[in-house]
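Only one structure is covered here, and it is reproduced in the block below.
The values are calculated or read from the model by the stated rules, or taken from the named source; none is laboratory data. Predicted model only: the values in this text are computed from it and were never measured. Cβ placement follows ideal geometry from the backbone for every residue including glycine, while neighbour counts extend to all protein chains displayed. What goes into the accessible areas is simple: the full protein's heavy atoms, side chains included, and nothing from ligands, DNA or RNA. Shrake-Rupley method; radii C 1.70, N 1.55, O 1.52, S 1.80 Å.
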Amino acid sequence: MTAAATGLRTLLRHKDRVLKGLAAVLWLVIVILSLLPGSERPHTGYSGNLEHFVAYLGTGAMTAFAFPAASLLRLALPFCLASGLFEIAQTVIPGRSPGVDNWMASSLGALVGIIAVRTVARPLLMRCLRRET
């Protein structure tokens with residue numbers, strides 16, 4: 001067994017705590033970035049919709065890894081609701097402008113991340129782990 005496989009197996013023994021912790025950190029990052037005034041929020045130079053899509057895609061993927069037994073609805077609905085609430089909250093945050101397009105980009109990003117983990121990433125990971133044994 002390779003050193004990488006050994007390290008991966010060690011991580012997998014503690015995976016529930018690690019993955020849930022990482023998912024919680026990513027959710028917290030989204031909350032903070034969504035509620036910061038516009039002048040304090042970091043900008044990548046890309047469109048806001050792309051920023052939303054990518055941030056939610058990563059967080060959705062990590063959340064799907066952390067909660068493998070949860071249904072698609074139970075994973076995706078909190079993202080859809082939270083992103084909508086963040087957009088509404090931005091009506092009173094200086095320098096922020098809410099948009100339905102941002103809400104849609106966020107929700108779609110989370111959904112794509114969740115589906116990608118369910119249909120591609122997790123099956124590939126499991127296949128690789130079976131080969132190493």
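In the set L35, L26, L75, L22, only one residue is open to solvent by less than 30 Å² (accessible area, probe 1.4 Å) and more than 16 Å from A105 (Cβ to Cβ); that residue is L75. Annotation: of all residues in segment 57-72 being crowded, with 17+ Cβ neighbours inside 10 Å and of a type in the set (S, T, N, Q), the one that is nearest to R118 (Cα to Cα) is T63. Restricting segment 38-56 to residues that are over 17 Å from L108 (Cα atoms) and in contact with a helix residue (DSSP H, G or I) (Cβ under 7 Å, 6 or more places away or on another chain) leaves a set whose member that is surrounded by the fewest Cβ atoms within 10 Å (Cβ to Cβ) is T44. Being within 20 Å of the chain's Cα centre (by Cα), open to solvent by 30 Å² or more (accessible area, probe 1.4 Å) and within 29 Å of T2 (Cα to Cα), is that true of even one residue in segment 94-116? Yes: one or more hits.
For segment 78-93, taking the residues that are more than 25 Å from H14 (Cβ to Cβ) and of a type outside the set (A, V, I, L, M), the one that is surrounded by the fewest Cβ atoms within 10 Å (Cβ to Cβ) is identified as T91. Given the structure, is V120 modelled with pLDDT of 95 or more, open to solvent by 60 Å² or more (accessible area, probe 1.4 Å) and among the β-branched types (V, I, T)? No, not satisfied.
If you check H14 against the conditions, is it within 21 Å of T91 (Cβ to Cβ), out of contact with any Asp or Glu (no Cβ under 6 Å at 6 or more places or on another chain) and either surrounded by 15 or more Cβ atoms within 10 Å (Cβ to Cβ) or of a type outside the set (K, R) (or both)?
Working: within 21 Å of T91 (Cβ to Cβ): no; out of contact with any Asp or Glu (no Cβ under 6 Å at 6 or more places or on another chain): yes; either surrounded by 15 or more Cβ atoms within 10 Å (Cβ to Cβ) or of a type outside the set (K, R) (or both): yes.
Criteria not met by H14.
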